[in-house]
Structures are given as structure tokens and as C-alpha cells.
1. Would you mind giving the three semi-axes, in whole Å and largest first, of the ellipsoid equivalent to segment 1-148 according to its Cα gyration tensor?
2. Let me spell out the model: positive unit charges on the Cβ of Lys and Arg, negative unit charges on the Cβ of Asp and Glu, origin at the Cα centre of segment 33-100. What dipole size does that give, in debye rounded to 20?
3. Name the residue from N91, S187, M143 whose Cα lies farthest towards the positive end of the charge dipole of segment 49-196, charges +1 on Cβ of Lys and Arg and -1 on Cβ of Asp and Glu.
4. What percentage of the solvent-accessible surface of the chain, computed with a 1.4 Å probe over protein heavy atoms, is contributed by carbon and sulfur atoms?
5. Roughly how many debye, to the nearest 20, is the charge dipole of segment 80-123 about its Cα centre, given +1 on each Lys and Arg Cβ, -1 on each Asp and Glu Cβ, and no other charges?
6. Can you give the Kirkwood hydrodynamic radius for segment 26-82, in Å, rounded to one decimal and based on Cα pairs?
7. Would you please give the residues with an amide H less than 5 Å from that of K90, counting only those at least 5 places away or on a separate chain, with H modeled from the backbone geometry?
8. Can you show me the helix-derived [θ] at 222 nm for the chain, built from DSSP H runs with n ≥ 4 at -39,500 (n - 2.57) apiece and divided by the number of residues, rounded to the nearest 500.
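The values are calculated or read from the model by the stated rules, or taken from the named source; none is laboratory data. Quick caveat, the model's predicted, so the values are computed rather than measured. We place every Cβ from the backbone using ideal geometry, glycine too, and count neighbours over all the protein chains shown. For accessibility, only protein heavy atoms count, side chains too; no ligands or nucleic acids. Shrake-Rupley method; radii C 1.70, N 1.55, O 1.52, S 1.80 Å.
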Amino acid sequence: MAVDYEEMVLDVELLQRAQQDNPFIRISDAVYKILEEAILSSRLKPGSKLKINSIAEELHVSGTPVREAVEQLAARGLVVESKGSGGKYKNYTVFDISDDDIAELFVARKAIESTAAYLCAQKNWYVDLPLLEKTLEDFRKGMQDYISGGSVRIATEHDRKFHTAIVEAARNRYLLDMYDSLDKKLSYLSVRTCEFMAAGLRRDDLRMLCSQHASVIHAIRMGFPELARQAMDDHIDFCEGNCLSNRYFSGNKK
């Protein structure tokens, strides 16, 4: 059920900072980045209505770049677009992810990522193993910081880099195209997985994610395709089980 977008969750300083970082950035691109971050960090809650005029007022810009940014988010799947009464106006809401959606996303991940891990182990001389090791170490540090009270986004960015590096290393453009099509939803799912685990007070499970990444890398390094596929399958199954169970825990805790 959609909820009204009322809170001032966006800050004009974010827009000013984006323009300082890149003086040539289009306003619509800067607004896109701000809204994307707000959605992925849950400052804009799932199901929230996005009102073009309200966002424009908060960011001190006209409605046109905001509408362009919101429509771009809709094209990437982070915003749901629907027709208003009479079909004259469009309504926009932050996408929500149901248990069924989560389960289907994990199925898609296994189809893509486990196959990619298999291909990497099959032709491991093409794989940049030092890069995979670095993503593992960065993820381990980011996860430890998160467990100690840091930002979940840092940990999940390194998590996504690890998985993306494996899909890219498989050198199969069709797998990569499919993976890219899920990119933002997978980023959102990665954040939610870590947050749900933390809500369930399962810090050992958070640490387990690092060990599972290491197992995938080990199988690729050793050149064992089936072992690499199984290690990735096990990792994704583990994430799915924890995500769904702790999502329920988190929702009932409130």
C-alpha cells in the first residue's frame, strides 16, 4: 500500500554538493543520483509516493529535471509508474519488494552468477584473481565496520563489486547483459539482506558471507568449475534464507 511522501528526506545541500563535484552535471542527473541514494538507503521508504512538485521544492529546482530523473528511475525499476484517475496524470511510487519478488530475484541470481562462477573456474587463467581477492578484503573490512556501527552501504558496495567482478570475468556478454538489467534491484536487495540479518542479530551470519566469498574464489583459483558453481549456489541460498527470515523478524519487531 502506497504511503504519502511527506517528510523532508531530501536536502538541497546534496544537489549543491553534486554540482560542486561535477560543475557540468545535468540537474536531472544530479537529482537522479540523490533520489537513487535515498531509495537504496531507505530514506525514501518502499511504497512512498514521489510527488514531482514536492521534490522540486525541496531541492530548489524546477519540476522538469525532477520528472526526468523520476522517469529514469522508473526505467531502472526503482520507481513504479502508474496512471492517475482518468489516465491524465502519472503517479510514481518507490518500488516495494515482496517475498515472492525476493525469491525470484535470488533464482535469477543463481542462474547468472553460479554459471559465471563455473565459467571462471573453467578458464581461470582469464580471471583477475588479485582483483577478486581485493574485493573480498574490502568486503570483509566493510562488513566489520558495519557490524561495529558503520554504514551498510559501504559493505554492500563491496559485496556488489565482488559479484559483478565474477560475472564480468566470465566473459559472456549475454550473462552480463542479464545481470546489468537487474543491477539496481540487486543493489537494493544486497542492502536489505545485510539489514535484515543485522535486525535478526545474526552477526555471525554477516561474517559468514565473507567466508562464502572466499570459498567461491578458492574454487575458481583451483580450477574446479562444479565446486565454484556449488559454492555460489550455497552462498546465494544462504543469503535468500537469511533475507526472508530476518525480513519477517524485522517487520514483526516494529
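1. Values for segment 1-148, descending: 35, 22, 16 Å.
2. Computed about the Cα centre, the dipole is about 260 debye.
3. Looking along the dipole axis, the top candidate is N91.
4. For the chain, the apolar C and S fraction of the accessible surface comes to 51 percent.
5. The calculation lands at about 280 debye.
6. Answer for segment 26-82: a Kirkwood hydrodynamic radius of 11.1 Å.
7. Sorted by chain and number, the residues that satisfy this are G84.
8. The per-residue figure over the chain is -22500 deg cm²/dmol.
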